[in-house]
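Bear in mind these aren't lab numbers, they're just calculated from the coordinates by the rules spelled out. Note that the structure is a prediction, hence the values are computed from the model and not measured. Because the Cβ atoms are built from the backbone with ideal geometry, glycine has one as well, and the counts that use them run over all protein chains shown.
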Amino acid sequence: MTPDAPRPTPHAPRPTPSALRPVLSQARAELLLTLRRGENLLITLIVPVALLVFFASLGIVDGGAGRPVDFLLPGMLALAVIATGMVSLGIATAYERYYGVLKRLGASPLSRGGLIAAKALAVLLLEVVQVATLVAIAAAIYGWRPAGGAGAAALALLLGTLAFAGLGLAMAGALRAEATLAGANALYLVFLMLSGAVLPLDRLPDVLQGLARALPAAALTGALRAALTAGAPFPAAELIVLAVWAALTLAVAARTFRWE
Amino acid sequence: MERGTVERSAAADDGNVPLPPADAPAVVVDGLVKAYGTTRAVDGLGFSVAPGEVFAVLGPNGAGKTTTLEILEGYRAPDAGLARVLGLDPIGDARALKPRIGVMLQQDGLHPGLTAREVLRLYAGFFPDPADPDALLDRVGLRDAARTRCRRLSGGQKRRLALAVAIVGRPELVFLDEPTGGMDPEARLATWALVRELREAGTTVLLTTHLLDEAERLADRVAIVDRGRIVALDTPGALTRGAEAGAGRRVAAPGLDLAARCALAGGGGAVRLGRRAGPRPGGAGGPAGRADRARDRAGGLCAGPPARRGRRAAGRADRLAARPRRDADRAARRPRLAGGGVPAAGGARSGKRGAWSVERRAGAQECARMRQAQRRLCLGEISQ
């Protein structure tokens, strides 16, 4: 290392530490890591896109009056949020603890809030890519056109992200890395079946239907579907379910979070 | 790159933190207690580290070194006692403290998916006035590994990167927990040089090690800890001279454990200290010197699992050490403490493979160099 020149003014105050600088530095690393996790791409992007293309092309999904793509796209957007918020974030965080990465970060000036903010930033950016990809495919191949309220859709995506990120972080805090890996993938499968994303909820037996409607996946799918359908009522009930889940999972995540 | 550290520590932080007096200790530990279940990992530890000092905490595994460091780093609260770092409470004042300290943990904590340069840049981004990451990579010998993901770095490379991460923020105080663990001799020497550079730049360094040789070469003062207590605390020179002159007896109280005896007698060398090679009875007295010499032949400092010839010599050392005292009074006056050097021979004899992992990797040249240092240490002629 070449030695720097001696500081010209010995008593000059240090540069003011910015609270934002550590967060941006961490967010940059989070994005790099997100891009490098190839296996991540499968569940965050390839699965939703494949399901969309498969079912929209074959038209075997009974989604009611509209075209298949109108029924499928909201569900695939929900799956994308679940994959990024819960599966990807949860597993990555669990392994960061396993490798001692979180412990080391705990001794750095990056605060706990700063770490969460950086991870949230990376999740949101990935979601932008997911939404753009899914919407572009739906529009280009199946002639999907936006309808309904973008505001309600954005609110649903945000609350859904909070709820599922909270779930992923709670699992990462409470479980071992391997258990988080298995658990997050298992839950993803459960949510795929019980969210109404592919299979309409009213085709399920009553008991399962009741359970499904209480889960955040169905609430997110339902809220997005209502928001993106012209003339549909504002999905207040679904958004409330999502908000309750978000508060619950984030509280558990905050309690179980450990640097070590 | 560490230049300016002194000036910065003298300069105001950002106005929020009251400045301690210029000569206020960088670290104060007093009556520190931390128990895990019924085990007292730290049991009334107390010491202070002056600004700009290199302070080594030397002891065997399980002595409480890491627990003490992790209390100072703010990872855990002590059950009792005081811990102050740069005049601040490690937990309560964490926000003000963390930008001013650097930390190297035993587990490197490097993200396996990031390259060496990316990790260093990440941490540089946490600090207001960081060193240049690329220059620092050069300094720790990782220029060629800059684009290598951390999961593909060797153990020694990871340690060096962790060290670079610890100092990239130009800290006033650095905690290094076994900084040379897993390093080959060359990397270890480079690390020692870096610590000396930090010292010259005025950075305070608090490091743990179980290598006597490392503590002796690097530290201004050494605290020898065992079972959560300090058994000796002085400059390396005084510790060894004290052993020669008999002053070492002040710590040679009943129950004095291996670490202290080893250090004071200068017999442990770079051998990893471990409790298993416990005190041996009847080691004092006339045969001690011969026993030591025999042990030296047996491998002593750099012994791997002993060769046949070495084993014979070790056996001779045992017989000599086990010989009954001829003159108890004379033995009591002896400057060299009872059983000095036993850890080396004992460890070699028991053939505990793990204990030799580092030494086995050591090259012949470094072995010879260490052996020479060892002799100097035995003679109380510590230089540097």
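Points worth noting:
- Bridging of B:Lys98 to lysines at a Cα separation below 29 Å is possible for A:Lys103, A:Lys119, B:Lys34, B:Lys65, B:Lys158, once same-chain residues fewer than 8 apart are set aside.
- If you sort the three axes of the alpha carbon gyration tensor as a ≥ b ≥ c, you get a/c of 1.5 or more for segment B:80-209 and a/b above b/c, which makes it prolate.
- Per-residue Karplus couplings for segment A:127-133, computed as 6.51 cos²θ - 1.76 cosθ + 1.60 with θ equal to phi - 60°, are listed in order as 5, 4, 5, 4, 4, 4, 5 Hz, Gly and Pro entered as x.
- Segment A:143-260: C-alpha pair distances exceeding 20 Å, %: 47 percent
- Most mobile of A:Ala139, A:Ala212, A:Ala172 in a GNM of chain A (Cα contacts under 10 Å): A:Ala139
- Cα shape, segment A:112-184, gyration tensor, a/c 1.5 rule: prolate
- Charged-residue dipole, Cβ positions (Lys, Arg, Asp, Glu), segment A:23-256 about Cα centre, Debye nearest 20: 660 debye
- For chain A, the convex hull drawn through the C-alpha positions has a volume of 164 cubic angstrom per residue.
- With a 10 Å cut-off around each Cβ of A:50-60, the average count of Cβ atoms from other chains is 0.
- Per-residue ³J(HN,Hα) for segment A:228-244, Karplus 6.51 cos²θ - 1.76 cosθ + 1.60, θ = phi - 60°, Hz, x for Gly and Pro: 9, 10, 5, x, 6, x, 4, x, 4, 4, 4, 5, 5, 4, 4, 5, 5
- Centre-to-centre, using Cα atoms only, segment B:171-231 and segment A:234-260 are separated by 46 Å.
- Residue by residue along B:73-86, Cβ atoms of other protein chains within 10 Å of the local Cβ number 1 on average.
- Sorted on the mean count of surrounding Cβ atoms within 10 Å across their residues, most packed first, peptides B:89-100, A:67-78 read A:67-78, B:89-100.
- Top of A:Ala218, A:Ala163, A:Ala247 by mean-square fluctuation, Gaussian network on chain A, Cα under 10 Å: A:Ala247
- Taking the helices alone, chain A has a mean residue ellipticity at 222 nm of -22500 deg cm²/dmol, built from -39,500 (n - 2.57) per DSSP H run of at least 4 residues and averaged over all its residues.
- Taking amide H as placed 1.01 Å from N in the peptide plane, B:Ile230 has its amide H under 5 Å from the amide H of B:Gly46, each at least 5 places away in sequence or on another chain.
- In this calculation the C-beta distance from A:Ala182 to B:Thr39 is compared with R0 = 35 Å, giving a FRET efficiency of 0.55.
- Other-chain or far-sequence residues with amide H under 5 Å of B:Ala26's (modelled H): B:Val49, B:Ala50
- In this structure, the amide hydrogen of B:Glu53, modeled 1.01 Å from its nitrogen in the peptide plane, lies closer than 5 angstrom to those of B:Val205, counting only residues at least 5 positions away or on a different chain.
- Sequence-ordered 3J(HN,Hα) estimates for segment A:103-113 from the Karplus curve with 6.51, -1.76 and 1.60 and θ = phi - 60° stand at 4, 5, 4, x, 8, 8, x, 5, 7, 4, x Hz, glycine and proline given as x.
- Candidates A:Leu42, A:Leu162, A:Leu134, ranked by Gaussian network fluctuation over chain A, Cα under 10 Å, top entry: A:Leu42
- For the pair segment A:208-224 / segment B:22-70, the C-alpha centres are spaced 54 Å from each other.
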